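Worksheet: one structure, shown below.
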Amino acid sequence: MKRLIDEKLLRWKKRKNRKPLVIRGARQVGKTYSVEKFGEQNFQNYLKIDFELERDIHKAFSGDLIPQKLLLQFEAAYGKRIVPGKTLLFFDEIQECPRALMALRYFYEQMPELHIVAAGSLLEFTFDEISFPVGRVQFEWLRPLGFREFLWAMDKHLLADSLPHWRQENPLDDFIHEKFLEQLKYYFITGGMPEAVAVFVSTGSLAETANVHKTLYQTYSQDFVKYRKRTDVELLNSIFQQLPAKTGQRIKYTELYPEKRIEKIKKAINLLEQALLIQKVRAGNAQGIPLGATVSDKLFKTVFLDIGLMQYICGIPASKIITETNLLDIYRGALAEQFVGQELLLQGGSENDKLYYWQRLKKGSSAEVDYIIARDGEIYPVEVKSGRVGRLKSIKIFLNEHPHCPWGIVLNMNNIRRENKYKLKFMPLYTLLTDA
């Protein structure tokens, strides 16, 4: 299964000033698969240490963290020769062994020629327990497959190569545009969890895909037991079930669980964000860059981990999506807004892996723009709306109040066109919001 991270791993391998690489992501997004494939295809040999499965190896980190001593213990335990420059050393589920995370510092300082990759989930929880080697490791994120990766998995490589980007001015061929929309419907249902995509590719069955979503949903719910020392598990599970349906809406704590104190609800939401199951979309005033300099922690929406899981949890029938002519009309437009947020995070189109929107809270004249992005030192508002100019009050207010913004981007079901009078550029929903 081809992933965008494949090229990033290759660039990391060739870098002269390379640091140990830590891949972060929620459970079940394909971290282990991607690193194993990378090791098999690009090194003479590789050694994988699974800290969740192989508890005995934790003892190797109980004493000194001198790299040479650790390698001797690994070679003895696994019967494999470890040769810097020729071997990939892979620490999987590294959150289960905090001292292994600490050891990355010494591998960087004393054995920089060794290629070492670590992967895990819930790493933020582990950071609280150790002195983390800040500045001595490099981070990379792995998220569910995006639309381009989904097209690759569906063997639609030529179609994937034709995805428009936000700078494009010429409309697509109408036939190609319709093909994109057809595949986009399947992606809205299947989503990007690797197991769900693999099942859909192999069986073509949306029912089988739904079974995968059911299992994944149950797995995440069962994982909450691991958080019991940090929060109320019942509260956490309740909020996890509610947030997919609230995508695109401003979150109000008291509506999530009126019987609980706001501080407990805040903590539960923060834990879900740390576990990468949700992503906050914070409100900013878009007065300058970086966008995060003017955000409000009190005003935020959320994007869920995956659009396929969101569709399943919300109980949206697959038949509704397949037969719908306008994907922006499904579930109050929340699925489309989820899609755009998920794509921004995956494409690297977000700012420091954060998402922002604009909200104007004036009595009798409120307005909201779904996302704001920064490109080449400029700020652009992004609306996920049907393409009728008369329905775009908020983005017009934004552009009027932010004359320094070059134009606004409206993502919809139609082909590429401009409305120069309003400084608006209409783009298909599936448009890449980066130049990559």
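The values are calculated or read from the model by the stated rules, or taken from the named source; none is laboratory data. Just so you know, these numbers come straight off a predicted model, no measurement behind them. Here the Cβ positions follow ideal geometry from the backbone for every residue, glycine too, while neighbour counts run over all protein chains shown.
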Verdict on Glu378 being surrounded by fewer than 20 Cβ atoms within 10 Å (Cβ to Cβ), assigned by TED's automatic domain parsing to the domain that holds Lys185 and under 26 Å from the mean Cα position of the chain (by Cα): yes
Pair list, Cβ under 8 Å, 6 or more apart: the stretch 100-114 residue surrounded by fewer than 24 Cβ atoms within 10 Å (Cβ to Cβ), other residue among the hydroxyl-bearing types (Ser, Thr, Tyr) and assigned to a loop (DSSP other than H, G, I, E, B): Met102/Ser131
Residue in the stretch 399-406 that is within 26 Å of Asp174 (Cβ to Cβ) and either outside any strand (DSSP E or B) or assigned by TED's automatic domain parsing to the domain that holds Thr294 (or both) present: no
Condition met for Gln242 (more than 22 Å from Val303 (Cβ to Cβ), in the same structural domain as Gln338 (by TED's automatic domain parsing) and part of a helix (DSSP H, G or I)): no
Residue that is farther than 30 Å from Arg417 by Cα, surrounded by 12 or more Cβ atoms within 10 Å (Cβ to Cβ) and either in contact with an Asp or Glu (Cβ under 8 Å, 6 or more places away or on another chain) or not acidic (Asp, Glu) (or both), where the choices are Phe200, Phe188: Phe200
Test: residue in the stretch 51-69 that is surrounded by 15 or more Cβ atoms within 10 Å (Cβ to Cβ), of a type in the set (D, E, K, R) and at pLDDT 95 or above: yes
The stretch 203-226 - residue that is free of Cβ contacts under 8 Å to residues at least 60 places away in the same chain and within 28 Å of Tyr356 (Cα to Cα) and, of those, surrounded by the fewest Cβ atoms within 10 Å (Cβ to Cβ): Ser221
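Kindly establish whether Ala77 is small (Gly, Ala, Ser), over 26 Å from Asn45 (Cβ atoms), touching a helix residue (DSSP H, G or I) at 6+ places or on another chain (Cβ under 9 Å) and at pLDDT 95 or above. Explain how you work it out, then say what you get.
Numbers: small (Gly, Ala, Ser): yes; over 26 Å from Asn45 (Cβ atoms): no; touching a helix residue (DSSP H, G or I) at 6+ places or on another chain (Cβ under 9 Å): yes; at pLDDT 95 or above: yes.
The answer is no for Ala77.
Before we move on, is Asn42 more than 29 Å from His213 (Cβ to Cβ) and at pLDDT below 95? Explain how you work it out, then say what you get.
Working: more than 29 Å from His213 (Cβ to Cβ): yes; at pLDDT below 95: no.
In short, no.
Can you confirm whether Leu345 is surrounded by 14 or more Cβ atoms within 10 Å (Cβ to Cβ), touching a residue at least 12 places away in the same chain (Cβ under 8 Å) and farther than 24 Å from Arg282 by Cβ?
no
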Matching residues, the stretch 189-205, being over 22 Å from Lys31 (Cα atoms) and either touching a strand residue (DSSP E or B) at 6+ places or on another chain (Cβ under 9 Å) or assigned to a helix (DSSP H, G or I) (or both): Ile189, Thr203
Qualifying residues in the stretch 257-273 (those that are more than 19 Å from Thr247 (Cα to Cα) and among the acidic types (Asp, Glu)) - the one surrounded by the most Cβ atoms within 10 Å (Cβ to Cβ): Glu263
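If you scan the stretch 288-318, which residues turn out to be among the polar types (S, T, N, Q) and either at pLDDT 95 or above or surrounded by 23 or more Cβ atoms within 10 Å (Cβ to Cβ) (or both)? Explain how you work it out, then say what you get.
Residues of the stretch 288-318 among the polar types (S, T, N, Q): 294, 296, 302, 311.
Answer for the stretch 288-318, where residues must be among the polar types (S, T, N, Q) and either at pLDDT 95 or above or surrounded by 23 or more Cβ atoms within 10 Å (Cβ to Cβ) (or both): Thr302, Gln311.
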Number of the condition not met by Ser365 [criteria: (1) surrounded by 20 or more Cβ atoms within 10 Å (Cβ to Cβ); (2) out of contact with any Lys or Arg (no Cβ under 8 Å at 6 or more places or on another chain)]: (1)
Every residue from the stretch 362-379 that is without any contact (Cβ under 8 Å) to a residue 40 or more places away in the chain and of a type outside the set (Asp, Glu): Lys362, Lys363, Gly364, Ser365, Ser366, Ala367, Val369
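Taking the stretch 410-424, which residues are touching a residue at least 60 places away in the same chain (Cβ under 8 Å) and over 19 Å from Phe147 (Cα atoms)? Spell out how you get there, then give the answer.
The initial filter retains those residues of the stretch 410-424 that are touching a residue at least 60 places away in the same chain (Cβ under 8 Å), namely 411-413, 415-418.
Arg417, Arg418 - these are the residues of the stretch 410-424 that are touching a residue at least 60 places away in the same chain (Cβ under 8 Å) and over 19 Å from Phe147 (Cα atoms).
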Subset of the stretch 3-31 that is surrounded by fewer than 17 Cβ atoms within 10 Å (Cβ to Cβ) and either not basic (Lys, Arg) or not assigned by TED's automatic domain parsing to the domain that holds Tyr78 (or both) - its residue that is modelled with the lowest pLDDT: Asn17
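Specify which of the listed residues (Lys396, Lys363) is modelled with pLDDT of 90 or more and basic (Lys, Arg).
Numbers: Lys363 fails: modelled with pLDDT of 90 or more.
Sole residue among the options that is modelled with pLDDT of 90 or more and basic (Lys, Arg): Lys396.
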